[in-house]
Structures are given as structure tokens and as C-alpha cells.
Amino acid sequence: VLKNNMKTILITGCCGFLGSHLSNFYTKKSFNVIGIDNLLTGKLENIEHLNRFPNFKFYQKDVCKRINIHEKLDFILHFASPASPVDYMKFPIKTLEIGSRGTENILKLGLKNNAKVVVASTSEVYGDPLEHPQNELYFGNVNPIGPRGVYDEAKRFLEAITMAYRNKKNLKIGIVRIFNTYGPNMRIYDGRAIPNFVNQAL
């Protein structure tokens, strides 16, 4: 049973690499944490240790479908999405669906609860950048029909619709563009830069 005297945070993609670390962090920081994941690429083992905490609750849900959360939410961290080239090339349509329909479902849930919504974007919004390092004023060099196009455009749409909800509906939002992040709970054959370097070195 979640506690009434604590802020409640919803984390999508809670069984994935970053989502599982966020779930762990906020559970131990005395938040009520509700994690949802459809297990497309996430693994239940990443959050199994949290089941002993009374302030953590997991639901197997798909953000692309209607989301019914009965608890009052204060914050939403939207981290659901295939993020590895291996995954988004395997699930191209689902990747686009999560970035579009899934993101709008989360933004609507944020509005309903008057919650702040933070969405996870990526350095891929810059495409194959012509500028190094990129600053926030650089708009990118994206090929929408290239091999990474489904992920690039899913995240570019995620940012655009999130800003539209902020500007037109006054939703409290945050956008984080995540670059090459690595660490525990990342799969050995994830396909992203650091695991590839380590595997090649080994």
C-alpha cells in the first residue's frame, strides 16, 4: 500500500537500463514509485529487489494503450522506448508508436494529475551532426528514411508534442537529451557504443 505522506512518481520503462536505476533511486529516496513496462526490451530481474519495498508498485502495461493509474501522481518520468539500435531496428513500428501515441498518453496523464512530466530524449535528435560538440541551438542533420530514422523521428516527435503540451496546455515538462550512457543493467550485447567497445576489447 502506497503511503499518503509521500510524493508519488510514475516511471515508464521501469524495467529497462535507465528506468530500473531511476526506480531504485526514487524508491530509496522515500517516494511512492509506480513502475510500468511492457517488457518489450526491459527485464523484470532489474527491479525484482524492489518488490520488498512497500512504496514500490509494478504494473505490466503498454504506454501505447490507455493507461489507468488510480493513484494521484506528482511526477512522471517517461523513459519507455527501445533505445539500442539492435532493438529499434527489430521493432521499428513499435518504436515510432511509443514516441508518438505512447508519449501523448503520458502527457494526457500528466495533465489529468497536474503532474510534472519529464521525457527522455536522445542525442539522436541531432542525427549525423555537422557540429561537434552540439549545443542546444543546433537543430541537427537528420535522415528520416535512414537506418536510424525510426528512433530519431520518434524522439523528435516526442520533444515536439511535449513542447506543444507545455505551450498550449501549460503542462509542466522537462526534456532530457541523453548521450552515450552506460552502466549496470545494460545488456552485454546491447549494441550501443560502450558495450560494443568493451566487447571488441575483450
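The values are calculated or read from the model by the stated rules, or taken from the named source; none is laboratory data. Nothing here was measured: the structure is a model prediction, and the numbers come from that model. Here the Cβ positions follow ideal geometry from the backbone for every residue, glycine too, while neighbour counts run over all protein chains shown. Surface areas here come from the heavy atoms of the whole protein model, side chains and all, with no ligands, DNA or RNA. Shrake-Rupley method; radii C 1.70, N 1.55, O 1.52, S 1.80 Å.
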### Query
Of these, Lys116, Lys90, Lys57, Lys112, which one is crowded, with 19+ Cβ neighbours inside 10 Å, over 14 Å from the mean Cα position of the chain (by Cα) and of a type in the set (Lys, Arg)?
Lys57
### Task
Please go through region 1-54 and pick out each residue that is open to solvent by less than 30 Å² (accessible area, probe 1.4 Å) and assigned to a helix (DSSP H, G or I).
Phe17, Gly19, Ser20, Ser23, Thr27, Asn46, Leu50
### Query
Restricting the search to region 60-72, which residues are in contact with a Leu (Cβ under 7 Å, 6 or more places away or on another chain) and open to solvent by less than 60 Å² (accessible area, probe 1.4 Å)?
Ile67, Ile69, Glu71
### Query
Of His49, His78, which residue is out of contact with any Lys or Arg (no Cβ under 9 Å at 6 or more places or on another chain) and without any contact (Cβ under 8 Å) to a residue 60 or more places away in the chain?
His49
### Task
Looking for whichever is of a type in the set (A, V, I, L, M, F, W, C) and at pLDDT below 95 here; the options are Ala120, Ala201, Ala164, Ala154. Which one fits?
Ala201
### Query
From the residues in region 119-148 that are charged (D, E, K, R) and exposed (fewer than 14 other Cβ atoms within 10 Å of the Cβ), which one is nearest to Glu159 (Cα to Cα)?
Glu136
### Query
Is region 66-83 home to any residue that is within 24 Å of Asp152 (Cα to Cα), more than 13 Å from the chain's Cα centre (by Cα) and not small (Gly, Ala, Ser)?
no
### Query
Here is a list of conditions, (1) farther than 27 Å from Tyr165 by Cβ; (2) touching a His at 6+ places or on another chain (Cβ under 9 Å); (3) of a type outside the set (Val, Ile, Thr), and Asn51 meets all of them except one; can you say which number that is?
(2)
### Task
Pick out, from region 91-202, the helices (runs of 4 or more DSSP H) lying fully within it that include 3 or more residues that are among the acidic types (Asp, Glu).
149-169
